[in-house]
Amino acid sequence: MDKTPKEMAKDLERQGKKVIQLIIKQKWFDQILSGEKTQEFREIKPFTEKKLVQIDKDGYAVNDEHDNAIPIHYDAILFFVGYNRERDSALIEVKGEHTEIFVDENGEIIQFELEDGGWWVAEQVVYDLGKVLCKSVIKK
């Protein structure tokens, strides 16, 4: 019996590999499987920061020499389409990752003021996708 993407992800984790689980829309899922979509983008928000970027001992994002947050390295992404129990899924290799800071039409960094008076820089993680390691497509 073939393994499901979730089972294969668990096997990778047992080998010391890192796998992130992400929910995706059917349109983007289909484009990833076809090879048309080669990158996945995730906006870094206060509630997703610890899942997406490296955090220091004080709870702040670790930045590189260009002041971009350093993403957590994942070896694969386990994609699920939507939240239903019966859904398409796939385990996709990650070839690399980096972050990008959002800027406005004038080239100014987009920032948001937080409730505590601090500032949040609008930024996203970009995952470079590799081969499809395993997939499960529900017949409709």
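Assorted remarks:
- For the residue pairs Lys18/Lys45; Lys6/Lys27; Lys51/Lys131, the C-alpha atoms sit no more than 27 angstrom apart in every case.
- Note on Lys25: aspartates and glutamates with a C-alpha under 13 Å away, same-chain residues under 8 apart excluded, are Glu40, Asp88.
- Percent accessible area from carbon and sulfur atoms, the range 76-133, protein chains only, probe 1.4 Å: 45
- Ordered from largest to smallest accessible area (heavy atoms of protein chains, 1.4 Å probe), the residues Ser136, Ser89, Ser34 come out as Ser34, Ser136, Ser89.
- Taking chymotrypsin sites (Phe, Trp or Tyr not before Pro) across the range 1-85, the ones in a DSSP loop with at most 13 further Cβ atoms lying within 10 angstrom of their Cβ are Phe47, Tyr60, Tyr83.
- For the range 48-140, the list of GluC sites (Glu not before Pro) that fall in a loop by DSSP and count at most 12 other C-beta atoms within 10 angstrom reads Glu65, Glu86, Glu105, Glu108, Glu115.
- From helices alone, the chain scores -4500 deg cm²/dmol at 222 nm; the rule is -39500 (n - 2.57) for each run of n ≥ 4 DSSP H residues, then divide by the residue total.
- Neighbour net charge for Asp58 - beta-carbon separation under 14 angstrom, K R +1, D E -1: 0
- Whole-number accessible area per residue in Å² for the chain, which is evaluated in the context of all protein chains at 1.4 Å: 67
The values are calculated or read from the model by the stated rules, or taken from the named source; none is laboratory data. Quick caveat, the model's predicted, so the values are computed rather than measured. Reconstructed Cβ throughout: ideal geometry from the backbone, glycine too, with neighbour counts over all protein chains shown. All accessible areas refer to the heavy atoms of the entire protein, side chains included, with ligands and DNA or RNA removed. Shrake-Rupley method; radii C 1.70, N 1.55, O 1.52, S 1.80 Å.
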